[in-house]
Structures are given as C-alpha cells and as structure tokens.
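J.: Next up is a structure, given as structure tokens.
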Amino acid sequence: MKKFLWLLLLTAIGASGCAPAASLSTPQRPTVSQAATTLNLTPTRERTPTPGLTATPSISPSPQPRLTPAPLGPEQDQFPVGVNPLTGLRVDDRSMLELPAVLVSISNLPVTARPQAGTGFAPWIFELFIGTGATRFMGVFYGDPPRRIPNAQAGCKVRAGPSKPIGEWIGNRVWLDENADGRQDPWEAGVGGACITLLDAQSGRSLGKTSTDSNGYYFFDTPNQETIIQFKPSAAYAFTSPNVGNDDEDSDADPLTGRTPPIAPGRNASGWDAGLTLAAPVAPRYSPSDIAPKRTYVGPIRSGRLTYNDFYFMFPASCLVYASAGDGIREQLHGCEIILGEQPRVSPNTALLDVSRLRELALQSKIDGQPVNYSGHLFDPAPPAGGQPANSLLTYFHSYAQSFWQYDPVSSQYLRQTDDANGKGIFHADTERLTGRQLAFDNMAVILADYEIYRRLQYDVALCCGLQGWAFLFRDGQVYKIRWATTNGEWEKRSGLRRPIHFIGDDRQPFPLKPGRTWIGIMTINSVLQDLGGGAWKAFFVMPNDPPPDE
C-alpha cells in the first residue's frame with residue numbers, strides 16, 4: 001500500500017488576493033421563514049413530462065452528424081448563451097443564469113436527513129466536517145432548480161450500479177424525454193428498470209438480457225456478431241421520435257418495435273439510446289423520509305457555520321440559507337433567510353426550503369447593475385494526461401461519516417454511496433429524495449484547507465480569499481493532483497468582484513473539469529490520500545487539533 005501525505009500550500013496573494021473591503025459588509029439580519037406560513041407566493045414552473053408521442057420533429061433519413069466536443073471557458077464570454085459556467089452544460093431555463101446563487105445548508109446527520117432533497121440537482125455540493133463525527137453539505141443552487149421527476153415502474157428490476165463491462169461494450173442510456181422533442185437534454189433524467197435484450201441480427205435469437213440502473217444506463221459486453229438491441233419498457237411509457245438531431249443525443253429505438261438498427265460487431269458503441277415519454281400520468285412514489293410529498297423543496301436544512309461566509313464571498317450577491325446558528329456565529333453570518341423546522345418535536349430534520357421560495361430569494365438578492373459571473377472554470381470532455389487510475393474513492397471523515405464513490409465507465413460518472421452512520425462502513429446507494437435516482441457526479445474533488453478553531457467543535461475553514469491549496473480531482477476514472485485557488489484574476493481586478501473557487505494545474509493555468517456536476521470534499525491540511533492499489537483510493541480526514549476543555 002502506498003501512502004502519500006501532501007500538505008496544504010497556502011499563499012496570500014497581495015494585490016491579486018481579496019476584492020475590495022467594501023464587499024466585506026456587516027452581515028444583514030436574515031429573514032426568518034416558517035415554511036408552512038410564508039410560502040404564499042407564485043410557484044415556479046414545474047415541468048410535467050408530456051404523455052405519448054406528441055413531438056413531430058423531422059426524422060433524418062441520412063446519416064446523422066456526430067457531436068464534436070470542444071473545451072468551454074474559463075472566461076464568461078467563452079461559454080455559449082444558456083450554458084451554466086459551473087457545469088459547462090446547457091440549462092433548460094436560461095433566465096435562471098441571470099440570478100445569483102442560493103447557498104443552502106443541508107443536513108447529513110442524523111440519518112433521518114437521508115436521502116436529501118436537492119443534492120441531485122445542485123451544480124456544486126461542498127461537504128465539510130462540523131465536529132461530533134458529522135459532516136454537512138453546502139448546496140450551490142444556480143441555474144435550473146430542483147424538481148420532482150416521475151419514477152414509474154419500467155418493467156424490470158432496477159440494476160444496481162456501477163456498470164462493470166469486461167473490455168469493450170455496447171449500450172448507454174434510456175432517458176425520460178420530458179419535453180418530447182426526441183433529444184437528450186442535459187437536465188433530463190434516466191429511466192431505471194427498463195428491460196433490454198440483445199438479439200442476434202440474423203436469427204433474432206436472444207444473446208443476453210439486462211436492465212437499466214436508476215439513472216437509465218445499461219451495457220452489454222461487445223459480441224462478435226452483428227446485433228440488435230431491443231428496448232421493452234412497461235406500458236407506462238411510449239417511445240419518443242427517433243433519429244432527431246445529432247447521433248449522440250437522439251433516440252435509436254423504432255417506436256413500433258423498440259429495436260435499434262443492426263449494430264456492427266467488434267467495436268465499442270456507447271450511443272445506443274432510447275427516449276421515452278410517459279404514456280399517461282403516473283402516481284408518484286415517495287421516499288419514506290419525505291415529510292412533504294406534495295411540495296418540491298430543498299432540505300432538510302440545518303444550522304449555519306462560520307465557513308459559510310467564505311462560500312458567500314465566492315458567489316457575489318448570493319443568498320445564504322440556513323436554520324439558525326450558534327451565539328457569536330449568527331451575528332457574523334451574511335445570511336438572507338433562516339428556515340425553521342416544521343415538526344421540531346419529531347425530528348431536527350424538518351426545515352425545508354420550497355423551490356418557489358428559492359427562486360424568489362435569488363430574485364431578491366440580485367443587485368441591479370452588478371453582473372452575475374460565476375465563470376473561471378475550464379471544461380473539457382477529453383480527460384487530460386497525467387492521471388492515475390481511480391475506480392473508487394472512500395472518503396473517511398469519521399467512522400460515522402463515510403461515503404464511497406465508484407466510477408461507472410458506462411455513464412462516465414462517479415456514483416455516490418453512503419453509510420448508516422453506525423461505524424460499520426456498510427454502504428448503499430445515496431439517492432435524490434425528489435427523484436429516487438442515485439447521486440452521480442462527473443467530478444469529485446478532495447481539497448485540503450486549514451480548519452481554524454473558533455471555539456470547541458466550531459470551525460472556520462480558510463477558503464476565501466486570495467488562498468491556494470492542494471486538491472485531488474477524480475474524473476473519467478482518473479485522479480489528478482492539482483491545486484484549488486481563490487486568487488483574483490484580471491476580471492476580478494477590473495470589476496472589484498469575486499468569483500468561485502477554481503482549480504489550476506502545476507502551470508497555474510485552469511485545470512479542466514469534466515462537463516457536469518462537481519462534489520467537493522473539504523479536508524484538513526494534514527489529511528492524506530492513500531493509494532490502496534488497483535485503482536482504489538482512500539481520503540482520510542485528520543481531525544483538527546481541537547482538545548476538550550480542561551475539567
């Protein structure tokens with residue numbers, strides 16, 4: 001077993017460090033919200049998947065074009081209109097990119113908080129240690145808001161991930177075409193449990209059967225003969241229009257037979273997809289922990305921490321939301337809304353932020369004449385050179401706060417699993433409460449930063465501003481040793497505003513993230529990343545020096 005100890009490199013960046021002190025204003029008193037009595041405002045648009053084959057786009061009779069992936073960013077003018085600079089992906093409602101981020105403190109313990117609502121939608125999630133063996137999440141909500149997505153029975157058992165092909169494979173995804181346009185949009189979810197059969201193209205004989213995972217992905221090991229893939233969803237679904245647009249984002253299933261065209265043998269083919277629409281409205285299925293199944297919300301929300309100010313400064317004009325804070329901390333936080341628990345005698349995890357209110361908070365936080373610019377990241381679909389194999393990552397904050405990430409080569413994402421906070425280290429899929437799908441992230445970063453002691457079990461992590469430190473980025477089944485930074489570039493110097501934490505390589509140039517969502521685990525500067533061999537890694541959190549008071 002190799003063991004590497006890499007210490008934090010912190011540098012104050014003089015003139016290129018913090019933005020003008022005027023932005024470090026005295027915290028304003030946040031409003032206090034008791035969700036059941038304050039949410040009387042116009043709700044945001046909630047998309048209902050279109051039943052049946054209602055779309056009528058033209059079907060291309062000739063070979064379709066393929067996507068030509070290209071890097072995006074890091075500057076704002078290097079992102080096309082409608083692309084989120086925190087993900088490098090198109091959004092459904094581009095007007096949301098004109099509003100500042102809403103930063104929400106999301107509970108992780110006790111386990112009654114799980115599965116959380118909103119963690120499957122936020123472009124970024126920060127995870128930090130808060131003492132007493134617990135971590136907490138900071139969700140950055142910018143762009144399309146969370147929504148409930150139907151999770152109807154698709155006919156077969158949902159396949160447990162991750163996918164583990166032996167060598168080359170064919171397959172990819174079955175997705176819910178919510179707008180029935182025949183194209184896979186970045187915000188559209190997969191369909192779990194769809195039945196799929198691999199057929200010999202000549203005889204029609206079955207060569208194998210499988211089903212999709214909760215995010216809609218499937219695969220077959222590459223056969224040595226010409227084949228056809230047949231999709232057989234349940235009667236709850238109908239096929240969308242095939243062969244619309246480019247060949248990488250279309251549906252390949254014939255709406256009458258559910259079959260693809262013949263597939264040539266002996267090659268890796270990852271674009272054989274099927275788009276489905278709901279044939280009729282379906283009864284929703286709710287998580288047992290869902291205390292408000294008729295609402296769409298983020299949560300459960302828990303108390304504020306001093307580190308939240310660093311997140312607030314990274315996202316100018318953002319709205320910081322939490323559920324109360326300790327004495328001496330509450331007065332320092334730049335909060336805009338406090339959410340009270342709805343059933344505090346039942347559980348501490350009943351404070352919820354309705355999505356309609358989330359949009360309103362973003363509208364209220366917007367500063368006239370001040371641009372919303374959260375760029376600064378380079379996104380490239382092609383993985384950079386210089387990585388080491390990384391098929392799994394165990395993040396160990398405490399025996400009661402562990403998570404396990406496994407790389408899925410079919411989705412090219414890391415799937416998150418969580419424990420039961422009992423010290424046994426037994427993991428199961430971590431899901432999104434609003435959709436029932438397993439959490440999947442395109443980038444998983446571990447950053448090392450200084451946990452400063454404010455008082456016993458209260459930490460202020462030094463992230464902003466003008467600082468740098470070591471980071472380890474997991475993407476595309478590889479891990480890279482890089483740096484995180486909150487230093488100022490030319491745009492910050494010209495505007496006097498800040499931008500979010502960003503990642504750089506040894507050459508101090510932006511290090512490419514994979515387009516998609518990013519999870520950032522924040523560990524102490526003495527924490528270690530261990531190479532366990534065979535592509536397995538462990539990030540071990542070394543506790544801050546926080547001795548108990550003398551008795």
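J.: Residues being under 20 Å from Gly73 (Cα atoms) and out of contact with any strand residue (DSSP E or B) (no Cβ under 6 Å at 6 or more places or on another chain): count how many of those fall in the stretch 511-544.
T.: The qualifying residues number 2.
J.: Considering only the stretch 485-498, I want to know if a residue exists there that is within 21 Å of Glu127 (Cα to Cα) and among the hydrophobic types (A, V, I, L, M, F, W, C).
T.: Scanning the stretch 485-498 turns up at least one residue that is within 21 Å of Glu127 (Cα to Cα) and among the hydrophobic types (A, V, I, L, M, F, W, C).
J.: Next up: Could you please let me know if Pro80 is in the same structural domain as Leu306 (by TED's automatic domain parsing) and either assigned to a loop (DSSP other than H, G, I, E, B) or among the aromatic types (Phe, Trp, Tyr) (or both)?
T.: Values: in the same structural domain as Leu306 (by TED's automatic domain parsing): no; either assigned to a loop (DSSP other than H, G, I, E, B) or among the aromatic types (Phe, Trp, Tyr) (or both): yes.
So Pro80 does not fit the description; no.
J.: Hey, another quick one. With the stretch 281-400 as the region, which strands (runs of 3 or more DSSP E) entirely inside it contain at least 2 residues that are among the hydroxyl-bearing types (Ser, Thr, Tyr) and assigned by TED's automatic domain parsing to the domain that holds Gly496?
T.: Values: elements: 319-322, 335-340, 392-398.
In the stretch 281-400, 392-398 are the strands (runs of 3 or more DSSP E) which contain 2 or more residues that are among the hydroxyl-bearing types (Ser, Thr, Tyr) and assigned by TED's automatic domain parsing to the domain that holds Gly496.
J.: Given Gly245, Gly271, which one is modelled with pLDDT under 95, more than 27 Å from Pro145 (Cα to Cα), surrounded by fewer than 20 Cβ atoms within 10 Å (Cβ to Cβ) and not assigned by TED's automatic domain parsing to the domain that holds Pro344? Reasoning before the result, please.
T.: Values: Gly245 fails: more than 27 Å from Pro145 (Cα to Cα).
When all the criteria are applied, what remains is Gly271.
J.: Continuing with this model, one more query. Taking the stretch 85-109 as the region of interest, how many residues are in a strand (DSSP E or B) and either farther than 19 Å from Gly139 by Cβ or in contact with a Pro (Cβ under 6 Å, 6 or more places away or on another chain) (or both)? Write out each step before concluding.
T.: Step one: list which residues in the stretch 85-109 are in a strand (DSSP E or B), which gives 89-90, 102-106.
From the residues that got through so far, the ones that are either farther than 19 Å from Gly139 by Cβ or in contact with a Pro (Cβ under 6 Å, 6 or more places away or on another chain) (or both) too are 89-90.
Total meeting the criteria: 2.
J.: Tell me the residue from Ser105, Ser95 that is in contact (Cβ under 8 Å) with a residue 60 or more places away in the chain and under 22 Å from Pro500 (Cα atoms), please.
T.: Details: Ser95 fails: in contact (Cβ under 8 Å) with a residue 60 or more places away in the chain.
Within the list Ser105, Ser95, the selection yields Ser105.
J.: Next question, about the same structure. When Pro293 is evaluated against the numbered criteria (1) under 24 Å from the mean Cα position of the chain (by Cα); (2) surrounded by 17 or more Cβ atoms within 10 Å (Cβ to Cβ), which criterion, by number, is the only one it fails?
T.: Tallying (1) under 24 Å from the mean Cα position of the chain (by Cα); (2) surrounded by 17 or more Cβ atoms within 10 Å (Cβ to Cβ), Pro293 fails exactly one: (2).
J.: Here is a further query. Gly326 fails exactly one of the following numbered conditions: (1) surrounded by fewer than 17 Cβ atoms within 10 Å (Cβ to Cβ); (2) among the small types (Gly, Ala, Ser); (3) modelled with pLDDT of 95 or more. What is the number of that condition?
T.: For Gly326, the exception is condition (3).
J.: Please specify each residue of the stretch 443-462 satisfying the condition of being surrounded by fewer than 23 Cβ atoms within 10 Å (Cβ to Cβ) and of a type outside the set (Ser, Thr, Tyr).
T.: Across the stretch 443-462, the qualifying residues are Asp450, Glu452, Ile453, Arg455, Arg456, Leu457, Gln458, Asp460, Ala462.
J.: Let me confirm something: among Leu306, Leu278, which residue is crowded, with 18+ Cβ neighbours inside 10 Å and more than 30 Å from Gly155 (Cβ to Cβ)?
T.: Values: Leu278 fails: more than 30 Å from Gly155 (Cβ to Cβ).
Exactly one of Leu306, Leu278 is crowded, with 18+ Cβ neighbours inside 10 Å and more than 30 Å from Gly155 (Cβ to Cβ), namely Leu306.
J.: Has the stretch 116-123 got at least one residue that is buried (at least 18 other Cβ atoms within 10 Å of the Cβ) and not assigned by TED's automatic domain parsing to the domain that holds Val461? Don't jump to the end; show me each part of the working.
T.: Taking the stretch 116-123 and keeping what is buried (at least 18 other Cβ atoms within 10 Å of the Cβ), we get 116-123.
Among the residues that remain, those that are also not assigned by TED's automatic domain parsing to the domain that holds Val461 are: none.
Among the residues of the stretch 116-123, not one is buried (at least 18 other Cβ atoms within 10 Å of the Cβ) and not assigned by TED's automatic domain parsing to the domain that holds Val461, which makes the answer no.
J.: Would you mention how many residues in the stretch 300-355 are among the small types (Gly, Ala, Ser) and under 20 Å from the mean Cα position of the chain (by Cα)? Don't jump to the end; show me each part of the working.
T.: Step one: list which residues in the stretch 300-355 are among the small types (Gly, Ala, Ser), which gives 303-304, 317-318, 323-326, 328, 335, 341, 347, 351.
Checking the rest, the ones that are also under 20 Å from the mean Cα position of the chain (by Cα) come to 318.
Looking only at that region, the number is 1.
The values are calculated or read from the model by the stated rules, or taken from the named source; none is laboratory data. Not measured: the values here are computed from a predicted model. Backbone-built Cβ (ideal geometry, glycine too); neighbour counts: all protein chains shown.
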